[in-house]
Amino acid sequence: MSKKRQLLDEAKQEELMRAYQNTNNGPLRTRYQAVRLYGMGYKVDEILTITGCSVSRLRAWYAKYLADGLNALIDQRQGGNHYRLSAEQKAELSERLQHYTPAQLFGTKAATSDGQFWSVPDLAAAIERWYAVRYDSLTSYRALFKECRFSYQKSSGVYQSRNENDVAEYSAALEKKGGGLLFGSTTDPLFSRG
């Protein structure tokens, strides 16, 4: 059972139209337009096609607008994580990261086993030590790495060849214990040395 949509009166439609025309903020314009069209009785599918928003987002915007007006549609997120360090501090950080390794700063408490390469946990600890600053998300630390011209290196898988004698000894020991091989016996053609 669906609820009937509460339509907007002409004054609210005009308010949304004026707000739409007077802002250069693209996402905010989309919210104003979507709410206005929904409040005028447009079909939801048409609004989704025009604005590109989802049904749940559209209905949430509409409910916010009905409850609190235009201000409810303004983006309330608080940015500024990247401003916690000044440009000078970021330049100094870049130099320090080039000059020191995590092992030199933290010894055995470095995040990586040998402490030779910087990781996000090491960067976070260094920034907290040097500048008494803590960021809210790991993404902020990754962005700092990028600003300091550090690249992300994905470790490649290292193939370690098996010693055939060790494999044969292991198989023999396993058979002596009565366990047999998991995938056959030593007479299995897959294990023959032909």
Tabulated pairs, segment 100-114, first among the hydroxyl-bearing types (Ser, Thr, Tyr), second buried (at least 16 other Cβ atoms within 10 Å of the Cβ) and outside any helix (DSSP H, G or I), C-beta under 7 angstrom, 6+ apart or interchain:
Thr101/Gly115
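Right, Gly41: at positive phi and either surrounded by 11 or more Cβ atoms within 10 Å (Cβ to Cβ) or of a type outside the set (Lys, Arg) (or both) or not?
Values: at positive phi: yes; either surrounded by 11 or more Cβ atoms within 10 Å (Cβ to Cβ) or of a type outside the set (Lys, Arg) (or both): yes.
So Gly41 fits the description; yes.
Tell me the helices (runs of 4 or more DSSP H) entirely within segment 1-71 that contain at least 2 residues that are under 32 Å from the mean Cα position of the chain (by Cα). Give the derivation first.
Values: elements: 10-21, 26-39, 44-51, 55-68.
Where helices (runs of 4 or more DSSP H) fall fully within segment 1-71 and carry at least 2 residues being under 32 Å from the mean Cα position of the chain (by Cα), they are 26-39, 44-51, 55-68.
Mind listing just one residue for me: the one in segment 15-36 that is within 12 Å of Leu70 (Cβ to Cβ) and of a type in the set (Ser, Thr, Tyr) and, of those, surrounded by the most Cβ atoms within 10 Å (Cβ to Cβ)? Don't jump to the end; show me each part of the working.
Our first condition is that a residue be within 12 Å of Leu70 (Cβ to Cβ); within segment 15-36, this holds for 15-20, 22-23, 28, 31-32, 35-36.
When the remaining residues are screened for being of a type in the set (Ser, Thr, Tyr), the result is 20, 23, 32.
Numbers: Tyr20: 16, Thr23: 14, Tyr32: 25.
Filtering first and then ranking leaves Tyr32.
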Of everything in segment 13-29, what is closer than 13 Å to Gly39 by Cβ and free of Cβ contacts under 8 Å to residues at least 40 places away in the same chain? Give them in sequence order.
Gln13, Glu14, Met17, Tyr20
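Yes/no per residue for (1) over 30 Å from Val35 (Cβ atoms); (2) modelled with pLDDT of 85 or more; (3) exposed (fewer than 14 other Cβ atoms within 10 Å of the Cβ):
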residue: Asp68; (1), (2), (3): no, yes, yes
residue: Tyr83; (1), (2), (3): yes, no, yes
residue: Phe106; (1), (2), (3): yes, yes, no
residue: Asp114; (1), (2), (3): yes, no, yes
residue: Ser119; (1), (2), (3): yes, yes, no
residue: Ala126; (1), (2), (3): yes, yes, no
residue: Tyr131; (1), (2), (3): yes, yes, no
residue: Tyr141; (1), (2), (3): yes, yes, no
residue: Phe145; (1), (2), (3): yes, yes, no
Looking only at segment 115-137, filter to residues that are touching a residue at least 40 places away in the same chain (Cβ under 8 Å) and among the hydrophobic types (A, V, I, L, M, F, W, C); which one of those is farthest from Arg149 (Cα to Cα)?
Val133
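The values are calculated or read from the model by the stated rules, or taken from the named source; none is laboratory data. Just so you know, these numbers come straight off a predicted model, no measurement behind them. No Cβ is skipped: glycine too gets one built from the backbone with ideal geometry, and neighbour counts run over all protein chains shown.
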